[in-house]
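Asks: Would you mind keeping the following structure in view while I ask a few things?
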Amino acid sequence: MTDPVHARISDIVSSHDVVLFMKGTPLFPQCGFSSRAVAILERLGAPFESVDVLQDQEIRQGIKGFSDWPTIPQLYVKGEFLGGSDIMMEMYEAGELQKLLTDEGVIATN
Amino acid sequence: MAMAAADIEALIVAAIPDATVEITDLAGDGDHYAATVISESFRGMSRIAQQRAVYAALGGRMGGVLHALQLTTAIPT
């Protein structure tokens, strides 16, 4: 038995190297946490697919169970859940996010 | 809806008894908090697992009653 919403999410995260589930769009984030997540990815020059959960209530609820994570934004890299904006910021500050995205071939080495 | 900082701290400490919890009310509105949770029990856990432990302590309030909680977890140094 596959939850159809989980199947949709699974399809999204496996179709793009980097996916950010967020509130709003990269240009017009609707929440400070989502805004911070976008800023981190843009700073690293990482291309990403964004999913505005405010435009899709199914995904907005479904992503929480799919990731076992209660909040938005959520970052996926190569289909793996990486965390929310606090973890992104910690990883970014430690240089780990840049390393991971480089290792995964998402951004070029400097 | 909102939660008092003391209630947030009490829930975390109830679930993670050795935790040192520091909570800051970011906007002064009882709805946007930053929390730092330091616990020996986090040792060996990934960042995701550490944060999940805190979210579990909050028992489903996160993303509901508790709208915004900027969360930092760490192991005592």
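Read-outs: derived from the displayed coordinates by stated rules, not from any lab. Since we're looking at a predicted model, the values are computed, not measured. Cβ coordinates were reconstructed from backbone atoms using ideal geometry, including for glycine residues, and neighbour counts include every protein chain displayed.
Asks: Give me the lysines in straight-line cross-link reach of A:Lys23: C-alpha distance below 25 Å, same-chain residues under 8 apart excluded.
Replies: The qualifying lysines are A:Lys64, A:Lys78.
Asks: So what J values fall out for the range A:65-80 if you push phi through Karplus, 6.51 cos²θ - 1.76 cosθ + 1.60 with θ = phi - 60°, rounded to Hz, Gly and Pro as x?
Replies: Couplings: x, 4, 8, 6, 8, x, 10, 10, x, 9, 10, 10, 10, 6, x, 9 Hz.
Asks: What is the mean number of Cβ atoms from other protein chains located within 10 Å of the Cβ atom of each residue in peptide B:68-76, rounded to a whole number?
Replies: 3
Asks: In what sequence do A:Arg43, B:Arg47 fall when counting other Cβ within 10 Å, fewest first?
Replies: Ascending number of Cβ neighbours within 10 Å: A:Arg43, B:Arg47.
Asks: Within 10 Å of each Cβ in peptide A:80-90, how many partner chain Cβ atoms are there on average? Round it to a whole number, please.
Replies: Average per residue, whole number: 4.
Asks: Given the options B:Gly63, A:Gly32, A:Ser15, identify the residue whose Cα lies farthest towards the positive end of the charge dipole of the protein assembly as shown (+1 on Cβ of Lys, Arg; -1 on Cβ of Asp, Glu).
Replies: A:Ser15
Asks: Helix-derived [θ] at 222 nm for chain A: sum -39500 (n - 2.57) over DSSP H runs of at least 4, divide by residue count, nearest 500?
Replies: -14000 deg cm²/dmol
Asks: Treating chain B as a set of equal point scatterers at the Cα positions, no solvent, please give the Debye-formula log₁₀ I(q)/I(0) at q = 0.20 Å⁻¹.
Replies: With no solvent term, the Cα-only Debye profile gives -0.79.
Asks: Pull up all non-local amide H partners of A:Val51: gap of 5 or more, or a different chain, and H-to-H distance under 5 Å with H placed in the peptide plane.
Replies: Those qualifying (amide H under 5 Å, at least 5 residues apart or on another chain) are A:Leu20, A:Phe21, A:Met22.
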